[in-house]
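Student: Below are the structure tokens for one structure; questions will follow.
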Amino acid sequence: AADSTDGAAETQTARKNAALTLGPLTLGMSGDDIQEILGAPDLESNSGPVEETDGSLRVCWFYQINNTPDLLYSVKLDLADFGDGWRLDEVTVWPNVEWKTAEGIGIGSTEDEVRAAYPDAETKDSTLVQDDVEIPRTFFTIGEGRTKLRIMVRDGKVAYLNLGTFFEEPPFEVE
């Protein structure tokens, strides 16, 4: 009986960790681990590290991954330091990045694929007006508690993915 309980706990932990992963990155991983995977950031937030009211430091790293010339960057990482070094707190990806969620959803996935992968997602329709043109969009929000996966669908395809906590307490243990 102990083996089946241990196996169930391991499966639950694996699912939770997969929910915290986008492409090669997992929320809570160290800045050093990120740089081993992606290299040094192409750009860091202009202000450098900023101290928040909770005493943590925050910084944004930007990467040009499979980028088109008209995009300044295609990946934005928000990192937090709660006293144990930089830790990944949020990941945002835009077009031309082939990273996927644990369920296989990435930039270019169809709205039907998102709905099938996340049938319980909260959805919100909105319209962006840009240069007098209305652009309908659907936002999907998936997750429990503070950590959420946010997906924006435009013209029937995923155009934006965001996984993170939006500067709330981190979803990982701080020692």
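The values are calculated or read from the model by the stated rules, or taken from the named source; none is laboratory data. None of these values were measured; they are calculated from a predicted model. Note that each Cβ is placed from the backbone with ideal geometry, even for glycine, and that neighbours are counted across all protein chains shown. Ligands, DNA and RNA are stripped out before the accessible areas are found, and what is left, the full protein with its side chains, is counted by its heavy atoms. Shrake-Rupley method; radii C 1.70, N 1.55, O 1.52, S 1.80 Å.
Student: Determine which single condition T110 fails, assuming it passes every other condition in (1) within 21 Å of E144 (Cα to Cα); (2) in contact (Cβ under 8 Å) with a residue 12 or more places away in the chain; (3) open to solvent by 10 Å² or more (accessible area, probe 1.4 Å).
Tutor: Failing condition for T110: (1).
Student: Further question on the same structure: Which one is modelled with the lowest pLDDT among residues in the stretch 16-40 that are outside any helix (DSSP H, G or I) and of a type in the set (V, I, T)?
Tutor: Of all residues in the stretch 16-40, those outside any helix (DSSP H, G or I) come to 20-30, 39-40.
So of that shortlist, the ones also of a type in the set (V, I, T) come out as 21, 26.
On the way: T21: 90, T26: 93.
Among them, the one singled out is T21.
Student: Of the residues that sit in the stretch 56-89 and are open to solvent by less than 50 Å² (accessible area, probe 1.4 Å) and hydroxyl-bearing (S, T, Y), which one is farthest from R146 (Cα to Cα)?
Tutor: Looking at residues that are open to solvent by less than 50 Å² (accessible area, probe 1.4 Å) and hydroxyl-bearing (S, T, Y), I get T68.
Student: Could you list, in sequence order, the residues of the stretch 33-53 that are without any contact (Cβ under 8 Å) to a residue 24 or more places away in the chain and either open to solvent by 40 Å² or more (accessible area, probe 1.4 Å) or in contact with a His (Cβ under 7 Å, 6 or more places away or on another chain) (or both)?
Tutor: D33, Q35, E36, I37, A40, E44, N46, S47, V50, E51, T53
Student: Quick check on the stretch 17-32: of everything there that is small (G, A, S) and surrounded by 19 or more Cβ atoms within 10 Å (Cβ to Cβ), which residue is nearest to T141 (Cα to Cα)? Spell out how you get there, then give the answer.
Tutor: Here is the first cut: in the stretch 17-32, the residues small (G, A, S) are 18-19, 23, 28, 30-31.
If we keep only those that are surrounded by 19 or more Cβ atoms within 10 Å (Cβ to Cβ) too, we end up with 19, 23.
Details: A19: 13, G23: 18 Å.
Among those residues, the one meeting the criterion is A19.
Student: Which strands (runs of 3 or more DSSP E) does the stretch 48-167 wholly contain that include 1 or more residues that are more than 21 Å from L38 (Cβ to Cβ) and out of contact with any Phe, Trp or Tyr (no Cβ under 9 Å at 6 or more places or on another chain)? Break it down stepwise before answering.
Tutor: On the way: elements: 57-63, 75-81, 86-93, 122-130, 133-142, 148-154, 157-164.
So the answer is 122-130, 133-142, 157-164.
Student: Kindly indicate whether any position in the stretch 126-136 is modelled with pLDDT of 90 or more, surrounded by 10 or more Cβ atoms within 10 Å (Cβ to Cβ) and out of contact with any helix residue (DSSP H, G or I) (no Cβ under 7 Å at 6 or more places or on another chain). Write out each step before concluding.
Tutor: The initial filter retains those residues of the stretch 126-136 that are modelled with pLDDT of 90 or more, namely none.
No, because not a single residue in the stretch 126-136 is modelled with pLDDT of 90 or more, surrounded by 10 or more Cβ atoms within 10 Å (Cβ to Cβ) and out of contact with any helix residue (DSSP H, G or I) (no Cβ under 7 Å at 6 or more places or on another chain).
Student: For W99, work out the one condition from (1) under 24 Å from W61 (Cβ atoms); (2) surrounded by fewer than 17 Cβ atoms within 10 Å (Cβ to Cβ) it doesn't fulfil.
Tutor: So W99 meets the others, but not (2).
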